[in-house]
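Peer 1: One structure, pasted below without further comment.
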Amino acid sequence: MKQKLLFICLGNICRSPAAEGVMRHLLETYRIEHLIEIDSAGIGSWHTGNLPDRRMRQCGDRRGYLFNHRARQIRDYDFEHFDYIIGMDHENMATLQRMKNSQPTSKARLLCLADYLKKHKGQETVPDPYYGSQRDFEFALDLIEDACMGLLHKLVPTL
């Protein structure tokens with residue numbers, strides 16, 4: 001049975017679609033796409049239907065990733081469908097906890113992506129690069145790559 005992951009950030013145009021793309025790439029690299037279902041969404045609806053931020057797509061392109069997810073907002077159904085809902089920062093996690101508490105049939109476990117960092121252990125969150133420089137996007141992607149690998153090892157310990 002597939003494990004189902006939903007990556008969440010504020011608007012679903014920077015961090016969460018990048019995490020979705022990085023994890024998808026890892027699953028394809030290890031040829032285990034059949035084991036894990038992946039999606040991403042945002043807390044807010046501001047960017048619904050949009051591609052990821054151009055700056056994040058450029059970072060991904062340079063590293064061989066395709067970030068082509070169309071933004072969507074998280075819905076009540078997601079708390080029943082997904083096994084893990086994975087937030088990027090403390091604000092995301094607090095909002096997700098409130099949402100989960102209002103879902104009596106929720107089966108989803110909430111995780112913070114930064115908890116799976118291996119190379120950047122002192123980092124508590126994946127900071128939002130949206131109002132930052134290209135360097136902030138690169139750093140966010142460094143963290144996402146690190147944490148996605150750590151998360152994948154938790155989900156599939158035999159790798």
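Peer 1: So which residues in the stretch 104-114 are in contact (Cβ under 8 Å) with a residue 24 or more places away in the chain and surrounded by fewer than 16 Cβ atoms within 10 Å (Cβ to Cβ)?
Peer 2: 105, 107, 109
Peer 1: I need the full set of residues from the stretch 71-98 which are in contact with a Ser or Thr (Cβ under 7 Å, 6 or more places away or on another chain) and either farther than 17 Å from residue 39 by Cα or open to solvent by 50 Å² or more (accessible area, probe 1.4 Å) (or both), in order please.
Peer 2: Residues satisfying the conditions are 73, 80, 89, 90.
Peer 1: For the stretch 1-29: of the residues being in contact (Cβ under 8 Å) with a residue 12 or more places away in the chain and farther than 25 Å from residue 139 by Cβ, which is most open to solvent (accessible area, probe 1.4 Å)?
Peer 2: So the residue we want is 2.
Peer 1: Looking at the stretch 15-33 only, could you name the residues that are among the β-branched types (Val, Ile, Thr) and assigned to a helix (DSSP H, G or I)? Reasoning before the result, please.
Peer 2: We begin by selecting, within the stretch 15-33, every residue among the β-branched types (Val, Ile, Thr); these are 22, 29, 32.
The answer is 22, 29.
Peer 1: Now, a different point. In the list 68, 101, which residue meets the criterion of being open to solvent by 30 Å² or more (accessible area, probe 1.4 Å) and within 14 Å of the chain's Cα centre (by Cα)?
Peer 2: 68
Peer 1: Taking the condition of being open to solvent by 60 Å² or more (accessible area, probe 1.4 Å) and touching a His at 6+ places or on another chain (Cβ under 8 Å), how many residues in the stretch 34-64 meet it?
Peer 2: 1
The values are calculated or read from the model by the stated rules, or taken from the named source; none is laboratory data. Note that the structure is predicted; figures quoted are calculated from it, not measured. Please note: Cβ atoms are built from the backbone with ideal geometry, for glycine as well, and neighbour counts cover all protein chains shown. Just the protein is used for accessible areas: all its heavy atoms, side chains included, with ligands, DNA and RNA removed. Shrake-Rupley method; radii C 1.70, N 1.55, O 1.52, S 1.80 Å.
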